[in-house]
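Encoded as C-alpha cells, the structure appears first; notes follow it.
The values are calculated or read from the model by the stated rules, or taken from the named source; none is laboratory data. Small disclaimer: the values here were computed from a predicted structure and weren't measured. Backbone-built Cβ (ideal geometry, glycine too); neighbour counts: all protein chains shown. With ligands, DNA and RNA removed, areas are computed over all heavy atoms of the protein, side chains included. Shrake-Rupley method; radii C 1.70, N 1.55, O 1.52, S 1.80 Å.
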Amino acid sequence: ADEIMEQAAGTPAVRDIEVITAEILLYSGAGASILEIGRRLNEAKAQLSHGEWLPWLEHQVEFSEASAQRFMRLAREYPNPSPVTDLGVA
C-alpha cells in the first residue's frame, strides 16, 4: 500500500538491490540494451551506501568501474531510447 501511495504521489518507490542486480545480469546475458543496464546501474548506485558501490559492482554484476560509468552516462544522456535502440552490449 505504501508503494502505491508513493507512486501515486509521484515519488518513485525504492526497489530492492537484489532485484536490480538480477535485472542487470539478465540484460547482460541477453545482450540487451546498454541503456537498460545503465539505468539500473544508476538506480543501484543511488541506493547503495558509501563504500558499497565498487564491491557490489565487482562481485555482483562483474563490471569494471569504467564500463559501468559509460553505461550510466549513456543512460543519463539518452533518456528516450528511440535514437539508440540498436545499441547492444559489446
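Residue-wise test of (1) at pLDDT 90 or above; (2) open to solvent by less than 40 Å² (accessible area, probe 1.4 Å); (3) of a type outside the set (A, V, I, L, M, F, W, C).
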{"residue": "K45", "(1), (2), (3)": "yes, no, yes"}
{"residue": "W56", "(1), (2), (3)": "yes, yes, no"}
{"residue": "Q60", "(1), (2), (3)": "yes, no, yes"}
{"residue": "R73", "(1), (2), (3)": "yes, no, yes"}
{"residue": "V84", "(1), (2), (3)": "no, yes, no"}
Any residue in region 14-34 that is at pLDDT below 85 and open to solvent by less than 30 Å² (accessible area, probe 1.4 Å) sitting within a Cβ distance under 7 Å of a residue that is in a helix (DSSP H, G or I) and among the charged types (D, E, K, R)? List the pairs, counting only those 6 or more apart or interchain. I24/R40
